[in-house]
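Participant: One structure coming up, written as structure tokens, with questions to follow.
The values are calculated or read from the model by the stated rules, or taken from the named source; none is laboratory data. A quick note: this is a predicted structure, and the numbers were derived from the prediction, not measured. Cβ placement follows ideal geometry from the backbone for every residue including glycine, while neighbour counts extend to all protein chains displayed.
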Amino acid sequence: MNENDKKAFETQLRTFVGRPIGPPMTGRDPVNEPMIRQWCDAMGETHPAYLDAKAAKGTIHGEIKAPPTMLQAWVMEGWEMHEGYDEPKNEQHRLHKFLADHGYTGVLGTNTEENYTRYLRLGEQVTAETVIAEISDEKATGRGIGYFITTRTSFVNEKGEDIGSMSFRVLRYKPPAEAASAGGGAGKDGKSAAVAAKPTRIKPPMGQDNAWWWEKVAKENVLPIQRCTGCGKLRHPPRPMCDACGSQKWDSIAASGRGTIHTFTVIHYPQFPGYDYPIVSIIVDLEEGERMASTLVECKPEQVAIGMPVELLIHTDEDGFKIPFFRPAK
Amino acid sequence: MPTTIHNEAAVAGIGQTAYSKKSGVSELSLATEAVRKAIDDAGLRPSDVDGLVTYTMDSSDEVEVARTVGIGDMTFWSKVNYGGGAAVGLVAHAAMAVATGMAKNVVVYRALNGRSGQRMGQGVSGQIISSDLIHWSWYMPFGLLTPASWIALQAKLYMEKYGATSEHLAHIAITQRMHAQNNPNAAMRGKPMTMDDYMNARMICEPLRLFDCCQEDDGGCALLITSAERAKDMKQKPAVIRAVTQASFEGQEQMTSFYREDLAALPEMELAAKIIYEQSGLGAKDIDAACLYDAFTPEILMQLEAFGFCGKGEAKDFVTADSLTLGGALPNNTHGGLLSEAYLHGVNNLAEGVRLIRGTSCNQPEGVDHVLVTSGVGVPTGAVIFGQV
Amino acid sequence: MTKTFKASELTIGQELPPLDLKITATLVAGGALASRDYTPVHHDRDAAVAQGLPDMFMNILTTQGLCSRYVTDWAGVDAVVTRVRTKLGGPNMPGDLLKLRGKVVAKSEKSVDVEVAGNNAWGNHVTATFTLALPA
Ligand SMILES: [Zn+2]
């Protein structure tokens, strides 16, 4: 797009702001017990106010109520959604198609906010009215440049009483060129996240001075410690020369796997894909005298302590990668 | 020829861009703006500059900066390694160059789109780091990916050993935030912080909460260094370099020196202290104000001990006695520091050190003769003492 | 699920007991259809694969329903959900273990905010903040 095209595009884009996506949408069925029960089965809900009229009487709810997060389900289009929206059926679809046609083919739901004025009673008929509330300036995001689109929906019952509201934010983005064909969006209205491949922990970059160590972990299920064959001094992390005697010859021993925690931290943020948070990260004093960084597992963060005895556990990731972790000593 | 760097060189100019979360311009643009302002501040012309020094991490090469600013012939340039550990190293390299006649006027600079571009708080990955990739391989697979996680391991041990608590860390963060309220350039101006604000912020890596960690910012900052003699005839009151050194201690790694006997101390800072006090003939009692590197609050505690402002394990009591405030024993980071002014990788702390000598800080204490400024903690580092002519 | 917490009994930082849920194709499809969401990627693996994904994945309403159950099972029958804010992350698919962890992040006289983090092998799937009205 040259500058003039971009201006024309922006102008047209802004005309969507404030538009209702279509006429108000009324749910096919009133709030009813069979749909509530089906929902509760799937969610593993046992809440008496959703399922048992008698038990509900003894609660603040007084009678059977619909689970609050079901609100949107009462006005879902249902079966026809499986056909997709290659031909836009409402203004929201037209906005998404307009952006897709201009290269913003990626789509990702990012945030929702729902307010429940009250829980719904059996027999209430829900109607939703949705407006395209905001379109952001063009933003640089981790996915690519794009626009955040916010829709706002207000929900009323058959008497026009307010029963709740929802806002939904979607990022519509231009995937970087090489990623354009992979992954891609799912639901045409952005209600589905998409990722190309399951992330794994960052693998150790392998060089001549460290690859052997990781290979030993993987093949022999041991925690190796490098040993100078000149003077016998152990060293970790491995290095190509002994700082005591200058020898470049070395072999390794398998650590006993016993050690104590020298210090630790519990990592909460930022969270990287492929790791399981919070991470209890430890520096271990190995019985052999060397120290190493590792992860403590099978232990609640609040139970970790400096000086705690730990034992080796060779952990295997889903992708087969092996890494020496520790757990509290038995 | 001088035998030490003592009193041979001085800072004659400082320059900085606005600090922001989104500069909207290139890092070269930030670098050249800061460099040009430092030259103007000293009352020189770009053609008077014949040397440039920056960080290995900086993306704006010396010749690109020179060509953009209009600096002509150069006889000296260098880059200093190890992230924020480089800050004082820049001054050391420039001072050596002017003291030996390798160059007359050297500008040192650092510019980064640290928030809108590559964010350091997002940690290391196999893609970004290359030269010390193998070193990181002992930490990355375990999820030790960010500066906060590496520092937290040391902070935990220090706090447990000496009984320091979150309240002590909060004191440091709150004091520096208070200082920033008077600084028009500070990102945290207009956002004072209470103990509740501090305690209610989310945990990042225990024991570090959000406000124990510095920010990420866009901006550029530069200093012009010349001989102490020439500086006397320039536009600004010089900040004479009483002493300066780089310091890396036995067993040093970049951020992961976990293999030393005592993890609750900063031996590289103790080494720096020994050298600069020897060079200058000064001691902790002679230092009137400081800009101690503050990427994370526990670093301040350990530096106070390393530089002898208090004994081992006593820093917690030193900070709760309000020693780091304007009226205290050692006003520290009077501009807000990396925590509350901006994260310019420590060069903004050097600029504040110069302002404190000039008497132009936004929070100027009375009678400042000597200011200590340090660079990065947990990395090969350095320290400088600025003094009056 | 009998007693309901009073707001005054809760403290900021207090944690909910953890809940780990094994995600199956039945749960993903069953949740989607129970919310009348027939978008094929939520019940048809082939449709998801055609879009470049490894498998069908959970729709947002199911995620919210599971989080809501997690929070109200803990808070008690008389807790009333008045607001849910969600930040959406990576997908949740059959074979994943969804780990729900919650804690109290804000409180007033008659309400609390509970933040639920749902993580799986992809990283963060959802962070949902529930506002609950509770007996004073
Ligand atoms: Zn040897």
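Participant: Need the failing condition index for B:Ile275 against (1) surrounded by fewer than 19 Cβ atoms within 10 Å (Cβ to Cβ); (2) on the phi > 0 side of the Ramachandran plot, just the number.
Facilitator: So the condition that B:Ile275 fails would be (2).
Participant: Out of all the residues in the range C:10-32, which are within 7 Å of chain A (Cβ to nearest Cβ) and surrounded by fewer than 20 Cβ atoms within 10 Å (Cβ to Cβ)?
Facilitator: Of everything in the range C:10-32, just one residue is within 7 Å of chain A (Cβ to nearest Cβ) and surrounded by fewer than 20 Cβ atoms within 10 Å (Cβ to Cβ), namely C:Gly30.
Participant: Can you name every residue in the range B:213-255 that is modelled with pLDDT of 95 or more, surrounded by 22 or more Cβ atoms within 10 Å (Cβ to Cβ) and assigned to a loop (DSSP other than H, G, I, E, B)?
Facilitator: B:Cys214, B:Pro238
Participant: From (1) more than 8 Å from chain C (Cβ to nearest Cβ); (2) surrounded by 15 or more Cβ atoms within 10 Å (Cβ to Cβ); (3) in contact (Cβ under 8 Å) with a residue 60 or more places away in the chain; (4) over 24 Å from C:Ala25 (Cα atoms), pick out the condition that doesn't hold for A:Gln12.
Facilitator: (2)
Participant: Keeping to the range A:276-300, report how many residues are under 16 Å from B:Cys205 (Cβ atoms) and either among the hydrophobic types (A, V, I, L, M, F, W, C) or modelled with pLDDT under 95 (or both).
Facilitator: Result for the range A:276-300: 9.
Participant: Taking the condition closer than 26 Å to B:Asp217 by Cα and in contact with a strand residue (DSSP E or B) (Cβ under 6 Å, 6 or more places away or on another chain), does B:Leu356 pass?
Facilitator: Spelling it out, B:Leu356 is indeed closer than 26 Å to B:Asp217 by Cα and in contact with a strand residue (DSSP E or B) (Cβ under 6 Å, 6 or more places away or on another chain).
Participant: Another question about this same structure. I'd like to check something: does the range A:261-284 contain any residue that is charged (D, E, K, R) and more than 10 Å from every other protein chain (Cβ to nearest Cβ)?
Facilitator: For the range A:261-284, residues charged (D, E, K, R) and more than 10 Å from every other protein chain (Cβ to nearest Cβ): absent.
Participant: If you take the residues in the range B:259-274 that are without any contact (Cβ under 8 Å) to a residue 40 or more places away in the chain and assigned to a helix (DSSP H, G or I), which one is farthest from A:Leu286 (Cα to Cα)?
Facilitator: The selected residue is B:Lys274.
Participant: Scanning for something among the aromatic types (Phe, Trp, Tyr) and in contact with a Phe, Trp or Tyr (Cβ under 7 Å, 6 or more places away or on another chain), does the range C:26-49 turn up at least one residue?
Facilitator: The answer is yes, given that some residue of the range C:26-49 is among the aromatic types (Phe, Trp, Tyr) and in contact with a Phe, Trp or Tyr (Cβ under 7 Å, 6 or more places away or on another chain).
Participant: Could you list, in sequence order, the residues of the range A:216-230 that are within 9 Å of the ligand (Cβ to nearest atom) and either of a type in the set (Gly, Ala, Ser) or modelled with pLDDT under 95 (or both)?
Facilitator: A:Gly230
Participant: Here is a further query. What residue, of B:Val65, B:Val53, B:Val91, is β-branched (Val, Ile, Thr), within 18 Å of B:Ser375 (Cβ to Cβ) and in a helix (DSSP H, G or I)?
Facilitator: B:Val91
Participant: Search the range B:77-104 for residues that are crowded, with 24+ Cβ neighbours inside 10 Å and pair each with any residue that is modelled with pLDDT under 95 and assigned to a helix (DSSP H, G or I) when their beta-carbon atoms are under 6 Å apart and the residues are at least 6 apart or on different chains.
Facilitator: If the second residue must be modelled with pLDDT under 95 and assigned to a helix (DSSP H, G or I), no pairs are left.
Participant: Which of the following residues is in the same structural domain as A:Thr153 (by TED's automatic domain parsing) and closer than 19 Å to C:Ala32 by Cα: A:Thr105, A:Thr59, A:Thr11, A:Thr69?
Facilitator: Selected residue: A:Thr69, the only one of A:Thr105, A:Thr59, A:Thr11, A:Thr69 that is in the same structural domain as A:Thr153 (by TED's automatic domain parsing) and closer than 19 Å to C:Ala32 by Cα.
Participant: Among the residues of the range A:28-60, what is the count of those that are more than 31 Å from the chain's Cα centre (by Cα) and on the phi > 0 side of the Ramachandran plot?
Facilitator: Number of matching residues: 0.
Participant: If you take the residues in the range C:33-61 that are assigned to a helix (DSSP H, G or I) and facing chain A (nearest Cβ under 7 Å), which one is surrounded by the fewest Cβ atoms within 10 Å (Cβ to Cβ)?
Facilitator: Applying the filter and picking the extreme gives C:Pro40.
Participant: Further question: Give B:Ala155, B:Ala173, B:Ala164 a once-over and let me know the one that is touching a residue at least 12 places away in the same chain (Cβ under 8 Å), in contact with a helix residue (DSSP H, G or I) (Cβ under 7 Å, 6 or more places away or on another chain), more than 7 Å from every other protein chain (Cβ to nearest Cβ) and not in a helix (DSSP H, G or I).
Facilitator: Among B:Ala155, B:Ala173, B:Ala164, only B:Ala164 is touching a residue at least 12 places away in the same chain (Cβ under 8 Å), in contact with a helix residue (DSSP H, G or I) (Cβ under 7 Å, 6 or more places away or on another chain), more than 7 Å from every other protein chain (Cβ to nearest Cβ) and not in a helix (DSSP H, G or I).
Participant: Before we move on, is C:Asp78 facing chain A (nearest Cβ under 7 Å) and outside any strand (DSSP E or B)?
Facilitator: The answer is yes for C:Asp78.
Participant: Let me ask something else. Is it the case that the range A:41-48 has a residue that's away from chain C (no Cβ under 12 Å), of a type outside the set (A, V, I, L, M) and free of Cβ contacts under 8 Å to residues at least 60 places away in the same chain?
Facilitator: No, the range A:41-48 contains no residue that is away from chain C (no Cβ under 12 Å), of a type outside the set (A, V, I, L, M) and free of Cβ contacts under 8 Å to residues at least 60 places away in the same chain.
Participant: Conditions first: (1) without any contact (Cβ under 8 Å) to a residue 40 or more places away in the chain; (2) closer than 27 Å to B:Ser149 by Cβ; (3) within 16 Å of the ligand (Cβ to nearest atom). A:Trp213 passes all but one, so which condition is the exception?
Facilitator: With (1) without any contact (Cβ under 8 Å) to a residue 40 or more places away in the chain; (2) closer than 27 Å to B:Ser149 by Cβ; (3) within 16 Å of the ligand (Cβ to nearest atom) applied to A:Trp213, the lone miss is (3).
Participant: Any residue at all in the range A:224-235 that is more than 14 Å from every other protein chain (Cβ to nearest Cβ), surrounded by 15 or more Cβ atoms within 10 Å (Cβ to Cβ) and within 43 Å of the chain's Cα centre (by Cα)?
Facilitator: Yes, the range A:224-235 contains at least one residue that is more than 14 Å from every other protein chain (Cβ to nearest Cβ), surrounded by 15 or more Cβ atoms within 10 Å (Cβ to Cβ) and within 43 Å of the chain's Cα centre (by Cα).
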